[in-house]
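S.K.: Sharing a structure, written as C-alpha cells. Questions coming.
The values are calculated or read from the model by the stated rules, or taken from the named source; none is laboratory data. Quick caveat, the model's predicted, so the values are computed rather than measured. Note: ideal-geometry Cβ built from the backbone for every residue, glycine included; neighbour counts use all protein chains shown.
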Amino acid sequence: MTATRQEKIRFLLQKHGHLTVSELAGQFGVSEMTIRRDLKRLASMGLVQREHGKAVYPQNPQTRNALFITRLGEAYKEKIAIGKAAVDFVNEGESIILDSGTTTLAIALALTKKCIVVTNSLPVADVLEMRQDITILLTGGEVQRATYSLMGPMTRENLSGFNADKLFLAATGISAEKGLSTTSMAESEVKQAMISSAKEVILVAHSEKLGQLCYHTFTKWENIDIFITDTSADPNLLKKIKQNGVEIILAN
C-alpha cells in the first residue's frame, strides 16, 4: 500500500505541479506525518522536490524516469534487461504497439529509436513524451486507476485501425499448455485487439509469470512469434514453449 500511495502521489504532483502536505493527507486519508515520510522517500530518489509544507513535481525528465524504475518492482533489474533486449527488435521508422504493464514500461525506458508508438499505458506515454523522435498515439478508453491503463470498447475500436509492425505484449499468466492468460476480461479483449493489429507479436514477461494460469486465456502460442524473458526462467517450460514454434530470447 505504501508503494502504491507513493506512486499515486507522484501522478497527482504531475497533474497539479505542486500540492501541500495537508492536501495530500486529505486525498489519501492518512496523517501528515505519513505523507512527510512518503515525500522524504520520494525526494531521496530525486522523484519529487520538497519545499516548506508542500511537494513539487520535478521538471527534469531524467529524474522523472527514476520513479518508473521503482514502479517495476523487486525484479526491476530483470525487467530492465528484458526491455533493452526488446528494443533491439525495433527498427528505425517502424510502428509498434506497447501493451500496458511494468515490463513494457521497461521497453519505453530503453527506447530511443525514431518510431511510432501506439499504447494504452499512461506511464509508457509519460516516459516517451520528451523523446522528440518518437510519435506517441494513445488508444483512448476508460482509465483503469489500478494500472493507469486504458480499457474498454473505445480502446478496442481504435486499435482496429492500426497496422503495426510489432506488438510488445504483456501477460499475467504464461502456461506452456494453455497459452497466455489474465485476470480481466477487459484486458483480454484489448490484448486480442492488439494481436489482430500487429504483423509480429513479441511477448515480454518476467520469469515469475511462467507456470501461472489465470482464469481467462486470451491467446494461444500459435499467435506469438518471440518470447523475451530473463535467465531465471524454467528451461523445461521454455523447451515446451519453443516446441510451439516460438523463438525464445533470454535477456541477461
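S.K.: Anything in the range 117-135 that is part of a strand (DSSP E or B) and within 22 Å of K79 (Cα to Cα)? List them, or say none.
M.R.: Selection gives V117, V118, T119, S121, I134.
S.K.: Looking at the range 41-66, which of its residues are modelled with pLDDT of 65 or more and hydrophobic (A, V, I, L, M, F, W, C)?
M.R.: Within the range 41-66, L42, A43, L47, V48, A55, V56 meet the criteria.
S.K.: Also, I was wondering about something else. So how many residues does the range 11-26 have that are within 13 Å of K54 (Cβ to Cβ) and either in a helix (DSSP H, G or I) or without any contact (Cβ under 8 Å) to a residue 12 or more places away in the chain (or both)?
M.R.: Residues flagged as within 13 Å of K54 (Cβ to Cβ) and either in a helix (DSSP H, G or I) or without any contact (Cβ under 8 Å) to a residue 12 or more places away in the chain (or both) within the range 11-26 amount to 8.
S.K.: Picking from R5, R36, which residue would you name as being part of a helix (DSSP H, G or I) and closer than 25 Å to T147 by Cβ?
M.R.: Of the residues listed, the single one that is part of a helix (DSSP H, G or I) and closer than 25 Å to T147 by Cβ is R5.
S.K.: Determine whether I69 is in a helix (DSSP H, G or I), farther than 30 Å from G26 by Cβ and at pLDDT below 90.
M.R.: Values: in a helix (DSSP H, G or I): yes; farther than 30 Å from G26 by Cβ: no; at pLDDT below 90: yes.
Against the criterion (in a helix (DSSP H, G or I), farther than 30 Å from G26 by Cβ and at pLDDT below 90), I69 does not qualify.
S.K.: If you take the residues of the range 191-236 that are of a type in the set (K, R) and touching a residue at least 40 places away in the same chain (Cβ under 8 Å), which of them is surrounded by the fewest Cβ atoms within 10 Å (Cβ to Cβ)?
M.R.: So, considering only residues that are of a type in the set (K, R) and touching a residue at least 40 places away in the same chain (Cβ under 8 Å), the one surrounded by the fewest Cβ atoms within 10 Å (Cβ to Cβ) is K220.
S.K.: Need the failing condition index for T119 against (1) within 18 Å of N158 (Cα to Cα); (2) β-branched (V, I, T); (3) in contact with a Phe, Trp or Tyr (Cβ under 9 Å, 6 or more places away or on another chain), just the number.
M.R.: Condition not satisfied by T119: (3).
S.K.: Going through the range 109-125 one residue at a time, which ones are within 11 Å of the chain's Cα centre (by Cα) and touching a residue at least 40 places away in the same chain (Cβ under 8 Å)?
M.R.: Residues satisfying the conditions are L109, N120, P123.
S.K.: I need a count of the residues in the range 114-141 that are surrounded by 17 or more Cβ atoms within 10 Å (Cβ to Cβ) and among the charged types (D, E, K, R).
M.R.: Summing the residues that are surrounded by 17 or more Cβ atoms within 10 Å (Cβ to Cβ) and among the charged types (D, E, K, R) in the range 114-141 gives 2.
S.K.: Another question about this same structure. Residues in the range 142-178 that are surrounded by fewer than 17 Cβ atoms within 10 Å (Cβ to Cβ), among the hydrophobic types (A, V, I, L, M, F, W, C) and either touching a residue at least 24 places away in the same chain (Cβ under 8 Å) or not in a strand (DSSP E or B) (or both): how many?
M.R.: Number of matching residues: 2.
S.K.: Also, quick follow-up: Output the residue which, of all residues in the range 3-58 that are in contact with an Asp or Glu (Cβ under 7 Å, 6 or more places away or on another chain) and under 21 Å from T102 (Cα atoms), is surrounded by the most Cβ atoms within 10 Å (Cβ to Cβ).
M.R.: Across the range 3-58, the extreme among qualifying residues is I9.
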